[in-house]
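Below is one structure, written out as structure tokens; the observations come after it.
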């Protein structure tokens with residue numbers, strides 16, 4: 001069967017493709033860049049030095065704000081302006 005644009009219906013169907021497997025090398029590179037940026041190894045526990053793993057990734061702003069509010073970290077404390085520090 002043809003569509004108005006002249007394409008077949010089979011060509012317009014969506015096909016789901018699974019995401020590529022994440023390699024160990026990619027994980028190590030990610031950890032290396034995080035370690036450089038934050039001067040801490042994200043794959044080691046800062047308290048005991050044991051290995052850590054990601055168990056969740058939260059990307060909804062409202063959920064992040066709720067968690068930080070519960071921990072007393074939201075809103076972030078106001079910083080002093082450079083002028084008030086120099087005075």
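Of these, 21, 31, 62, which one is at pLDDT below 80 and loosely packed, with under 10 Cβ neighbours inside 10 Å?
So the residue among 21, 31, 62 that is at pLDDT below 80 and loosely packed, with under 10 Cβ neighbours inside 10 Å is 21.
List pairs: first in region 14-31 and under 19 Å from residue 43 (Cα atoms), second at pLDDT 75 or above and surrounded by 10 or more Cβ atoms within 10 Å (Cβ to Cβ), Cβ under 7 Å, 6+ apart or cross-chain?
31/41; 31/42; 31/43
Looking only at region 26-40, decide whether some residue is part of a loop (DSSP other than H, G, I, E, B) and on the phi < 0 side of the Ramachandran plot.
Yes: region 26-40 contains one or more residues that are part of a loop (DSSP other than H, G, I, E, B) and on the phi < 0 side of the Ramachandran plot.
In region 41-57, what residues are part of a loop (DSSP other than H, G, I, E, B) and surrounded by 10 or more Cβ atoms within 10 Å (Cβ to Cβ)?
41, 42, 43, 45, 52
Name every residue in region 65-79 that is part of a loop (DSSP other than H, G, I, E, B) and surrounded by 10 or more Cβ atoms within 10 Å (Cβ to Cβ), in order of residue number.
Answer for region 65-79, where residues must be part of a loop (DSSP other than H, G, I, E, B) and surrounded by 10 or more Cβ atoms within 10 Å (Cβ to Cβ): 73, 74.
The values are calculated or read from the model by the stated rules, or taken from the named source; none is laboratory data. Predicted model only: the values in this text are computed from it and were never measured. When we count neighbours, we look across all protein chains shown, and the Cβ atoms used for this are built from the backbone with ideal geometry, even at glycine.
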